[in-house]
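The values are calculated or read from the model by the stated rules, or taken from the named source; none is laboratory data. Computed from a predicted model, the values in this text were never measured in an experiment. Cβ: placed from backbone, ideal geometry, glycine included. Neighbour counts: every protein chain shown. These accessible areas exclude ligands, DNA and RNA; they are computed on the full protein's heavy atoms, side chains included. Shrake-Rupley method; radii C 1.70, N 1.55, O 1.52, S 1.80 Å.
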Amino acid sequence: MSVDHTRAPVLEALVDYRRSGRLSFTPPGHKQARGADPAVREALGDAVFLGDVLASGGLDDRLERNGVLDRAEALMADAVHADHTFFTTCGSSLSVKAAMLAVAGPHEKLLIGRDAHKSVASGLVLAGIEPVWVEPRWDAERHIAHPPSAEEFERTFAEHPDAKGALITSPTPYGTCADLRAVADVCHRRGLPLVVDEAWGAHLPFHPDLPSWAMDAGADICVTSIHKMGSGLEQGSVFHLRGDRVPAALLKMRADLLGTTSPSVLIFAGLDGWRRQMALHGEALMGNALELAVRARSVIEEIDGLHVNDRDDFCGPGLADDFDPLPVVIDVTGLGITGYQAADWLREHRQVDAHLNDHRRIGAQLSHGDDWETASELLAALKDLAAAAAELTGSPRIEVPDPAGLRMEQAWLPRDAFYGPTEDIPVDRAAGRIAAEIITPYPPGIPAVLPGERLTEPVLRYLTTGLAAGMNLPDPNDARLETVRVVADAG
């Protein structure tokens, strides 16, 4: 059956809804903007409210007999070579949890790269899954983690033959990628599924010069944030399924446990429109973005004190297998400042927002939405940053552990530690105790501490010195990190 990617079922249904002049006596209560606060209408525009309708009993009839969403999801699946696609409006944080719950249950083992996102840690707490951590490939010189190797998954499966499957993050927020086909082969030789958290890879299927994406590499479930590198709205996410190792009905059932019964049609429309845009024009758009990245990277590399991390930095023996150049990760240590200082200065003085920031880097993400005009603004701001760096006040030193110092013993199941009796103790007395909370430098959102891990001095010093230097820690119970929540001492 031929597939017509010029169609956009959600967008077309929204147009029909507006043309029909329907009068709604259902939510949303703003009633097509008529009841919205005038100041909100002025700020957002009425188009937001006009597109904010019920998914069933609005966009489609009460029994969804027109199959609007089903048709949109089928078109998305075809565009990215999946068997099934599911739209979600709660971001990939929901999608990855649904994928985990479809593969493993309470007290069952799941192999997971320890560079996983906070949402994976949350899934462990909710599901009671026992994580078996697979070590990332650590670059001790640059203090950065790359996705685990297929060999490391092979070794870990041999030690835990009762594991139900595996989860890997690729690309990372830094743009580094695993050999997904090799990792999938490790899983499939055992008849087990591979879940790929590909939140940063929505664009990968649409240009041959980008790294291979999960479905083409043989993954069973792939989670993708369309709002990150695509052009969907914030919270727009999809998860794709291929093969029969995970039944589609089971995956949908698990997602229904977590998802909202009031999904945003606006977000659905963004997903639908992005698929059509990419299916029709994706290769040209992504080609332009790649050419822009090459040009911008070359100019940034010429700015004294800045270094753009490239394939030679991130790929090679013991490092990543592939590399996406669009995140444009810039090392600022040559300026004598931290990534936190750089991001703050760019926002305050040049109205430029960098995304990723850590103790030594910022990320200046480029996408198909950029052009030479926006890139030139970025380049001018970076040149100004380099000129002003000497005047920035010194930042407190961040004590970053070596790779071995970052790893802690998973002494308890995350769920047991999170829900069990807890107490808050001073951070200087927390080493040796079992963490009962998640502590995550954000962005990029990879937890430094998980519930159930036995806390160590190097990790606690990293977090406290990082916080003093500008690190964002949004999730600990004590935002000042003067205390840490731990499992209560039974003694």
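Below, the figures for the structure above:
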| item | result |
| --- | --- |
| For region 342-440: rounded, prolate or oblate by the Cα gyration tensor [a/c cutoff 1.5] | prolate |
| Segments 475-481, 309-315 sorted - mean Cβ within 10 Å per residue, highest first | 309-315, 475-481 |
| Pairs of alpha carbons in region 122-224 whose separation is greater than 21 Å (percent) | 34 |
| Apportionment of accessible area to carbon and sulfur, the chain, percent (1.4 Å) | 50 |
| Principal axis dimensions, region 336-383 - Cα atoms, whole angstrom, descending | 29, 19, 15 |
| Whole-Å distance, taken between Cα centres, linking region 27-92 and region 374-452 | 36 |
| In Å², nearest 10: area of residue 63 left accessible to a 1.4 Å probe | 100 |
| Span from the region 173-252 Cα centroid across to the region 307-353 one, whole angstrom | 25 |
| Kirkwood hydrodynamic radius of region 285-358, Cα pairs, Å | 13.6 |
| 283, 457, reordered so the largest accessible area comes first (probe 1.4 Å) | 283, 457 |
| Along each principal axis, Cα extent of region 209-341, largest first, Å | 54, 36, 33 |
| For the chain, share of DSSP beta bridges that run antiparallel, in % to the nearest 5 | 65 |
| Å² per residue, accessible surface of the chain at 1.4 Å | 43 |
| Contact order normalised by residue count of region 268-384, Cα under 8 Å, 6+ apart, percent | 26 |
| Translational diffusion coefficient (Stokes-Einstein; Kirkwood radius from C-alpha pairs) of region 1-140 at 10 °C, 1.306 mPa s, in µm²/s | 85 |
| The chain, helix-only ellipticity at 222 nm - DSSP H runs n ≥ 4, -39,500 (n - 2.57), divided by all residues, nearest 500 | -11500 deg cm²/dmol |
| Partner aspartates and glutamates for residue 118 [C-alpha distance under 19 Å; skip if fewer than 8 residues away on the same chain] | 130, 135, 197, 198, 234, 358, 409, 416, 437, 453, 475, 478 |
| Efficiency of FRET between residue 18 and residue 472 - r from beta-carbon atoms, R0 45 angstrom, step 0.05 | 0.65 |
| In region 1-72, the chymotrypsin sites (Phe, Trp or Tyr not before Pro) that fall in loop regions by DSSP, at most 13 other Cβ within 10 Å | 25 |
| Which of 290, 196, 75, positive extreme of dipole for the chain (C-beta unit charges) | 75 |
| Length-normalised contact order of the chain in % [C-alpha pairs under 8 Å, at least 6 apart] | 14 |
| Antiparallel bridges, percent of DSSP beta bridges restricted to region 108-222 (to nearest 5) | 20 |
| Debye intensity ratio I(q)/I(0), log10, the chain, q values 0.11 Å⁻¹ (C-alpha model) | -1.00 |
